Amino acid sequence: MEYSEQDLKSIGAGVHDIFAADPAASEEIRRGRMVFFEEVEHRNAAPGFPRSSPRGRRRPWLPLVLATSLAAGAAGLWIWMRPVSFQVGEARPGQLGDVIDAVDGKATPLHFSDGSTVLLHQGGRMRVLSLRTGAARVLVEDGVVDVTIAHRKSGKTKWDFEAGPYRVTVSGTKFRMAFHAGDDSFSLSTTEGQVVLSGGCQKAPRLVSAGQVLELSCSPHKAPPPRENGPAVAMEAPLATTPEVASPVRGRSEHWRELLAAGRLSEGLGAAERSGFERVCQMATSKELLALADAGRFFGPTMRAVAALRVLRRRFPGSMDAATAAFTLGRIAFEKQHAYAEATTWFETYLREQPNGPLMGDSFGRLMEARLRSGDHAGARLDAQQYLHRFPEGPYASEARGILSR
């Protein structure tokens, strides 16, 4: 097949445009590409670089080879940089931030374009919060998931799976993870590779290798059941309540403060209960009340979290911590109590008190979803419009577009 000089110029120009318009390239990379193309053009035009053979015949394969090589390089770069996408089930395109439920008595598979898969078992609930080449963030709100992460041969792979207070960091492996929001129990078993588990009642992150099973229950009210079969098990019993030793400075009645300050929330909650929870809430600082609320959320009972947050708002009105308490009350109402109208009120409260606060984006997204679930479709549409105006690529953007398309 013969190519005219004009055809070859068109191929080269197309490759040039691909590199020049690449939005992901830095200014330095763009300048380097332009220098490269100028050098190629200079060499093709230079007197010392013959454009014809001694017999006067042109060599059209030279620019074709160059253009083809550049096109292949551009295609390779695009393949390497292209964003990862995913599909829910067999046909539905996945959207970041959307709630994914496994209902109808069967598991729901998620297939990612990089070859990774996540199988959400019946009754489970999860979201994919962020997704890019080699990295992702997934929130498992409840249930069991089987995960296979494809390992990248070039570049790093880093996926984070969050469930309650726990985080599993993955670089390429197969594992099963189970989280039950009702009692914050958690289990993890790895069949290939290694993962790093952090958070919860652990004092430090730990490596979980192939063949290990880890079961955690940080709640002082529920211990994990023993396993009788299966691979080697790394068991984690609930943290035992540390016997209180009278402090020479603060005394026995304030031991809860030391435990909360050390991050030992489960034990701190137990110590606060023994010292009189209501009395503790009246003397705790706003930060200590937030810590008590986290202890109640993660280790139960939830009513303790609600009580601590309400006391915080009453004792420290107008503070940043009071606004954070409103946001957390909204999360509890939404996630644990399914009281969507109440959740709406709390997310609105946060946005009113901290319109530019650090939780503003998340509050907008959750407010929109809470309105929709409470039946306020008109309000949800207004929230969706505002969310897309402020966060066109935010984690709730796809849900906002879905609301506006109805």
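Taking the criterion of being surrounded by 18 or more Cβ atoms within 10 Å (Cβ to Cβ) and in contact with a Lys or Arg (Cβ under 8 Å, 6 or more places away or on another chain), the only residue of the range 115-130 that qualifies is Val128. Candidates in the range 259-312 are the residues that are aromatic (Phe, Trp, Tyr) and closer than 24 Å to Arg167 by Cα; of these, the one that is nearest to the chain's Cα centre (by Cα) is Phe298.
Just checking, does the range 319-341 include any residue being among the charged types (D, E, K, R), without any contact (Cβ under 8 Å) to a residue 24 or more places away in the chain and surrounded by fewer than 19 Cβ atoms within 10 Å (Cβ to Cβ)? Taking every residue of the range 319-341 in turn, none turns out to be among the charged types (D, E, K, R), without any contact (Cβ under 8 Å) to a residue 24 or more places away in the chain and surrounded by fewer than 19 Cβ atoms within 10 Å (Cβ to Cβ). Taking the listed residues Gly134, Gly172, Gly105, Gly115, the one that is of a type outside the set (A, V, I, L, M), at pLDDT 85 or above and over 30 Å from Thr328 (Cβ atoms) is Gly115, with no other qualifying. Residues in the range 266-273: is at least one touching a Cys at 6+ places or on another chain (Cβ under 9 Å), at pLDDT below 70 and buried (at least 17 other Cβ atoms within 10 Å of the Cβ)? The answer is no, given that none of the residues of the range 266-273 is touching a Cys at 6+ places or on another chain (Cβ under 9 Å), at pLDDT below 70 and buried (at least 17 other Cβ atoms within 10 Å of the Cβ).
Within the range 169-210, if we keep just the residues that are touching a Cys at 6+ places or on another chain (Cβ under 9 Å) and not acidic (Asp, Glu), the residue that is surrounded by the most Cβ atoms within 10 Å (Cβ to Cβ) turns out to be Phe186. Looking only at residues in the range 370-406 that are touching a residue at least 60 places away in the same chain (Cβ under 8 Å) and within 19 Å of the chain's Cα centre (by Cα), the one that is farthest from Leu351 (Cα to Cα) is Ser398.
The values are calculated or read from the model by the stated rules, or taken from the named source; none is laboratory data. Just so it is clear, the structure is predicted and the values come from calculations on it, not from any experiment. Neighbour counts run over all protein chains shown; Cβ positions are idealised from the backbone, glycine included.
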